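Okay, structure first, notes after.
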Ligand SMILES: [Zn+2]
């Protein structure tokens, strides 16, 4: 593994529009990490991301624990109401996701980018994954193989190239895009691997959240250096448009108070 600190002086253009014009955001600098705002599209991003190698372990840990935490939170009220609660809990684990994915994607082939160990199966789908941690990717492969899917190990922007055009009915990008140093090529490939009319579920921290404005540098969504983009609905929508998608907001009423943006990226039907 290369020493991550070799990358500190490596800067990048705006990962959404490619502009080199930017304003420093000194309030959000921390240690050697420089936060900037693109002067052309307003995207807030880390100018000197640490590179994939440095992120592997943190990313894997955060992804796994965040998924588990979220699963517990989301599962509770709905499972309490549902007659099928016990059965679903034992067989699937996270009923709300299974229900939502069925509603959004129908069924068929599902690609989970940043899938961790892919321990949850969704009825009606064959799930495939991409995972940057070798250990988790191996576990994911075992879990997905039972249903006929598999996991590709590697960074998203590289691993997604291995999947053929128009293979998927749905793509999950959950707590992923904020970590991805190259979000634009990943999304261009998401558009490519989706069937016409297919959708991707995107969840990212909401830089316009009230909490960010109140807590400023103590806001929960700030993670140095593993979050390398900080989207608002506007900058996320810009990036979607550049990569061939329209955006449907899933939490429109709560959005200003919500620390996360939840949207569907919709690919136009051919
Ligand atoms: Zn830009």
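The values are calculated or read from the model by the stated rules, or taken from the named source; none is laboratory data. Being a predicted model, the structure only gives us computed values, none of them experimental. Please note: Cβ atoms are built from the backbone with ideal geometry, for glycine as well, and neighbour counts cover all protein chains shown.
Values for this structure:
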quantity	calculated
Any hit, the stretch 204-224, residues being closer than 18 Å to residue 113 by Cβ and in contact with a strand residue (DSSP E or B) (Cβ under 7 Å, 6 or more places away or on another chain)	yes
Strands (runs of 3 or more DSSP E) lying entirely in the stretch 8-82 (those with 3 or more residues that are closer than 14 Å to residue 180 by Cα and at pLDDT 60 or above)	44-46
Some residue of the stretch 215-237 being touching a helix residue (DSSP H, G or I) at 6+ places or on another chain (Cβ under 7 Å), under 15 Å from residue 171 (Cβ atoms) and either at pLDDT below 95 or assigned to a loop (DSSP other than H, G, I, E, B) (or both)	no
Single unsatisfied condition, residue 197 versus (1) closer than 13 Å to residue 129 by Cα; (2) part of a strand (DSSP E or B); (3) modelled with pLDDT under 95	(1)
Within the stretch 255-270, considering residues that are in contact with a strand residue (DSSP E or B) (Cβ under 9 Å, 6 or more places away or on another chain) and loosely packed, with under 13 Cβ neighbours inside 10 Å, the one nearest to residue 174 (Cα to Cα)	268
